[in-house]
């Protein structure tokens, strides 16, 4: 569906420690797919303005999540199982129904739990970093 | 308690101080220590896990009364920080780690409350990082107490290293003493000692015990055994984890 649409139907899957994809969409309220060209300035004396060239891309996925310790399938349970793993885990985000999916092999950067007296228990910003030489991509 | 729930029931324990009512926010973070291993020709920057990290941040109100925040924390002690994120019900999650307090201070504005602000606690000593476990006890007792059994999430025994943290946060006992143990059982009826603490209730303290890898039966509980008859109240918390 082209055009401006609600984000509410995003589908997010994260492999658990056994490699089984787990649909954890309901525990996530914000996602951010980051694709950064990692621009570096190559401006020299006499040029009209600062100017740049892309270098090694930096890609990551960030989530803002609720805490969910449901056995086996809960988001917190899945993430605890993969923190520190030396093998990549498939993470995929499909922003709109029937649309493209951004996916690749990632590692979990860290896992934090937080709460405020007037809030709900949440996870600190979850960030997945690329693992392996193949960059994640849209398909 | 799985699912999305309010944070308002969190319990905050620091070195035997029950500071929940002074804490307004917490964050406990286990880090992978990610390091870039990107080389020429790789499709993007990419990482591997490095040395694990752990950090706890807690926001506190100020209170300079005896046994409250200012006098307990201005010296930036070492010890243990334990958060019971969903509350103190036996079997609920706990997070704990041996810590050093890395900062202290005070702040205020003319329209607000004096606050200590965000205190940052860093991992201290050779440890396994954030110890995610369960609450085995959080109570004020006046006599011997046998805690309720907590089943392992796997529904069976495990072979792993384990540990437990005991916070004694009530008024130190003037007469009675207690012996605190974590026990385990394969069937919920025949119990054996797994961990024995040395702290006995005569002082406010925190004690952390760790056990090398071995069989941990599926059911665990706390046994607090009183010696004496005075019946003075003692507040305590035990959290248990295994790797």
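The residues on offer are B:64, B:148, B:96, and the sole one that is touching a strand residue (DSSP E or B) at 6+ places or on another chain (Cβ under 9 Å) and outside any strand (DSSP E or B) is B:148.
Among (1) out of contact with any helix residue (DSSP H, G or I) (no Cβ under 9 Å at 6 or more places or on another chain); (2) part of a helix (DSSP H, G or I), there is one condition residue A:128 misses while meeting the rest; what is its number? For residue A:128, the failing item is (2). Across the stretch B:30-45, the qualifying residues are those that are more than 7 Å from every other protein chain (Cβ to nearest Cβ) and under 30 Å from residue B:132 (Cα atoms), and the one among them that is modelled with the lowest pLDDT is B:33.
Looking only at the stretch B:4-23, how many residues end up being within 9 Å of another protein chain (Cβ to nearest Cβ), closer than 20 Å to residue B:113 by Cβ and surrounded by 18 or more Cβ atoms within 10 Å (Cβ to Cβ)? Summing the residues that are within 9 Å of another protein chain (Cβ to nearest Cβ), closer than 20 Å to residue B:113 by Cβ and surrounded by 18 or more Cβ atoms within 10 Å (Cβ to Cβ) in the stretch B:4-23 gives 3. Candidates in the stretch A:95-117 are the residues that are at the interface with chain B (Cβ under 7 Å from one of its Cβ atoms) and out of contact with any helix residue (DSSP H, G or I) (no Cβ under 9 Å at 6 or more places or on another chain); of these, the one that is farthest from residue B:81 (Cα to Cα) is A:109.
Looking at B:211, B:182, B:222, B:165, just one residue is surrounded by fewer than 21 Cβ atoms within 10 Å (Cβ to Cβ) and in contact with a strand residue (DSSP E or B) (Cβ under 6 Å, 6 or more places away or on another chain), and that residue is B:211.
Screening residue B:154 with (1) farther than 25 Å from residue B:19 by Cα; (2) within 14 Å of another protein chain (Cβ to nearest Cβ); (3) in contact with a strand residue (DSSP E or B) (Cβ under 8 Å, 6 or more places away or on another chain) gives one miss only, at (3). Does the stretch A:118-139 hold any residues that are surrounded by fewer than 17 Cβ atoms within 10 Å (Cβ to Cβ) and more than 9 Å from every other protein chain (Cβ to nearest Cβ), and which are they? Passing the criteria: A:125, A:138, A:139. Does residue B:54 count as more than 8 Å from chain A (Cβ to nearest Cβ), in contact with a helix residue (DSSP H, G or I) (Cβ under 7 Å, 6 or more places away or on another chain) and in contact (Cβ under 8 Å) with a residue 60 or more places away in the chain? No; evaluated as a whole, the condition is false for this residue. Is at least one residue of the stretch B:135-156 without any contact (Cβ under 8 Å) to a residue 60 or more places away in the chain, closer than 24 Å to residue A:117 by Cβ and surrounded by 13 or more Cβ atoms within 10 Å (Cβ to Cβ)? Looking through the stretch B:135-156, none of the residues is without any contact (Cβ under 8 Å) to a residue 60 or more places away in the chain, closer than 24 Å to residue A:117 by Cβ and surrounded by 13 or more Cβ atoms within 10 Å (Cβ to Cβ).
With respect to (1) in contact (Cβ under 8 Å) with a residue 60 or more places away in the chain; (2) within 23 Å of residue A:110 (Cα to Cα); (3) crowded, with 17+ Cβ neighbours inside 10 Å, the lone exception for residue B:45 is condition (1). A single entry from A:19, A:48 fulfils the requirement of being more than 14 Å from the chain's Cα centre (by Cα) and modelled with pLDDT under 90: A:48.
The single condition among (1) at the interface with chain B (Cβ under 7 Å from one of its Cβ atoms); (2) at pLDDT 95 or above; (3) surrounded by fewer than 19 Cβ atoms within 10 Å (Cβ to Cβ) that residue A:73 does not satisfy is (1). Can you tell me how many residues in the stretch B:100-126 are in a strand (DSSP E or B), more than 22 Å from residue B:30 (Cα to Cα) and out of contact with any helix residue (DSSP H, G or I) (no Cβ under 7 Å at 6 or more places or on another chain)? Looking only at that region, the number is 2.
The values are calculated or read from the model by the stated rules, or taken from the named source; none is laboratory data. Note that the structure is predicted; figures quoted are calculated from it, not measured. When we count neighbours, we look across all protein chains shown, and the Cβ atoms used for this are built from the backbone with ideal geometry, even at glycine.
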